[in-house]
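The values are calculated or read from the model by the stated rules, or taken from the named source; none is laboratory data. These figures come from a predicted structure and were not determined experimentally. Here the Cβ is made from the backbone with ideal geometry for all residues, glycine too, and neighbour counts use every protein chain on show.
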Amino acid sequence: MDWTLGIDRQREALLRMVAALLVMAGDGGVLPRHVRTEIWRVLRPAEAAFRRLVVVVKVVLKIEAGVRVSRAVPLIMSGSHGAARVPAFALFDARKSFKPRSSVRGHKPVPRIRFFDEVQVFEPVVVISPDDAVSAAHLMRRLRALHVALGDVPKQARRLARWEAKRQAVRAETGRYIAPMRPGKPPGHRDRGRHPVDFALKECHEMALYALHDPPVTGGKSGV
């Protein structure tokens, strides 16, 4: 497999998608609900795809722990009036929750006792509109983190190597270990997805699985 071509191609595809999301988000303060939803639909699988790309770079370049890197650099967004501190990109998938979901929503069931002289007060039904203005602060933090991380993939691979070294030490003491990629389908996976991010996630996931189960004999070089 041509690892250099595969890594660079997927990174460039993710960069184009993130650039489009930044344009949609604008200044990122408040967005219409439907716009925020559309950004989330692309951002979540894009994050999962990039995590798998980082795994591939770490394996192919044989990156080990012990290399120190600087903190995340400030990112000046288009249209902003200053630099904002960008949080570090989350390199590990969120764990799946296997707790059974309750079928009861809202308040717990209680006996409904009514009296003839009781005055009933009905609260107005809140109608959620797709055009409602909602906060996009959390979304913008994650979008900026992904944008900065895509600018230096080997740096993220070194971060991953250090985190894995720490977790290996915990595993030696407790027997517990959490891998960067959770078992099964990746976060944001859609069986019938037709967006470019769905294809990028599929390719990055397959590349990561191949690299982990059949790692290259020698370290490769990439333009990332």
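Restricting 24, 17 to those that are surrounded by fewer than 18 Cβ atoms within 10 Å (Cβ to Cβ), modelled with pLDDT of 90 or more and assigned to a helix (DSSP H, G or I) reduces the list to 24.
Can residue 43 be described as in contact with a Lys or Arg (Cβ under 8 Å, 6 or more places away or on another chain) and either over 23 Å from residue 182 (Cα atoms) or part of a helix (DSSP H, G or I) (or both)? When the stated conditions are applied, residue 43 passes them.
Residues checked against (1) in a helix (DSSP H, G or I); (2) in contact with a strand residue (DSSP E or B) (Cβ under 7 Å, 6 or more places away or on another chain); (3) modelled with pLDDT of 80 or more; (4) closer than 24 Å to residue 133 by Cα:
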residue	(1), (2), (3), (4)
10	yes, no, yes, no
35	yes, no, yes, yes
38	yes, no, yes, yes
73	no, no, no, no
89	no, no, yes, no
98	no, no, no, no
104	no, no, no, no
109	no, no, no, no
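Within the stretch 17-50, the set of residues being in contact with a helix residue (DSSP H, G or I) (Cβ under 8 Å, 6 or more places away or on another chain), closer than 17 Å to residue 198 by Cα and not small (Gly, Ala, Ser) comprises 17, 18, 21, 38, 39, 40, 42, 43, 45, 47, 50. Of note, residue 161 does not satisfy the criterion of being small (Gly, Ala, Ser) and at pLDDT below 90.
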